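Please read the structure below before turning to the comments.
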Amino acid sequence: MNAKALRTEALYAICTAGVFDLVNVWRLERVCFPKDAYDLPTLFNLALMPNTLRLKAVADNHLVGYLAAEYQRYDHATWIITVGVTPQYEGRGIGHALMDCAEQHRQKGAERMKLTVRRSNERAIDLYRRCGYQWVGAYRGYYQDGEDGLIMEKNLTHR
């Protein structure tokens, strides 16, 4: 996993992810999101989309975290499409570091970062709040099993 590190901590590095990371990202998705993991064709399309930021966290020469975000010019926001950290590496600040790095490397013109999270995912919601995100709305029945998705947002213009 040779890539230029965008951020390096004692136990992990955050780098730009590419097409060659696709299989490992797919495996991570299936571990982190058993009900909602993106399939391989969707992740392949995501890997090729323009205006998309793709970051990976690497520890012990393994992909242990991933974040993808897409800039939406029409509302001057960057939407975090997916962010996950393998369970063995949770609680080490990797999720927070991925979120911070996404903000630092966002598309020029992005005034807000937005995401959708399962209403029941309290651990993720807590992380997003610690990162400065606030609840701004909900999508009713957003997930395949009918659970609502909470929309959370962080204003980047008042930093």
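The values are calculated or read from the model by the stated rules, or taken from the named source; none is laboratory data. Model, not experiment: these values are computed from the prediction. Cβ sites come from the backbone with ideal geometry, for glycine too, and all protein chains shown count toward neighbours.
Could we say that VAL83 is part of a helix (DSSP H, G or I), at pLDDT 95 or above and among the β-branched types (Val, Ile, Thr) here?
For VAL83, the condition - part of a helix (DSSP H, G or I), at pLDDT 95 or above and among the β-branched types (Val, Ile, Thr) - is not met.
Can you name every residue in region 48-63 that is over 16 Å from LEU28 (Cβ atoms) and surrounded by fewer than 20 Cβ atoms within 10 Å (Cβ to Cβ)?
LEU48, MET49, PRO50, ASN51, THR52
What number goes with the only condition from (1) at pLDDT 95 or above; (2) surrounded by fewer than 18 Cβ atoms within 10 Å (Cβ to Cβ); (3) touching a Phe, Trp or Tyr at 6+ places or on another chain (Cβ under 9 Å); (4) not aromatic (Phe, Trp, Tyr) that HIS96 does not pass?
Only one criterion is unmet by HIS96, namely (3).
Residue check: is GLY18 more than 23 Å from GLN144 (Cα to Cα) and touching a residue at least 12 places away in the same chain (Cβ under 8 Å)?
So GLY18 passes the test.
So, in region 66-91, of the ones that are touching a Phe, Trp or Tyr at 6+ places or on another chain (Cβ under 7 Å) and of a type outside the set (Val, Ile, Thr), which residue ends up nearest to ASN24 (Cα to Cα)?
GLY84
Considering every residue within region 64-72, establish whether at least one is surrounded by 15 or more Cβ atoms within 10 Å (Cβ to Cβ) and outside any strand (DSSP E or B).
No.
Restricting to strands (runs of 3 or more DSSP E) lying wholly in region 94-159: which have 2 or more residues that are within 30 Å of ASP60 (Cβ to Cβ)?
Output list reads 112-118.
Would you mind telling me which numbered condition in (1) more than 26 Å from TYR142 (Cα to Cα); (2) buried (at least 22 other Cβ atoms within 10 Å of the Cβ) GLN104 fails?
In the conditions (1) more than 26 Å from TYR142 (Cα to Cα); (2) buried (at least 22 other Cβ atoms within 10 Å of the Cβ), GLN104 misses (2) alone.
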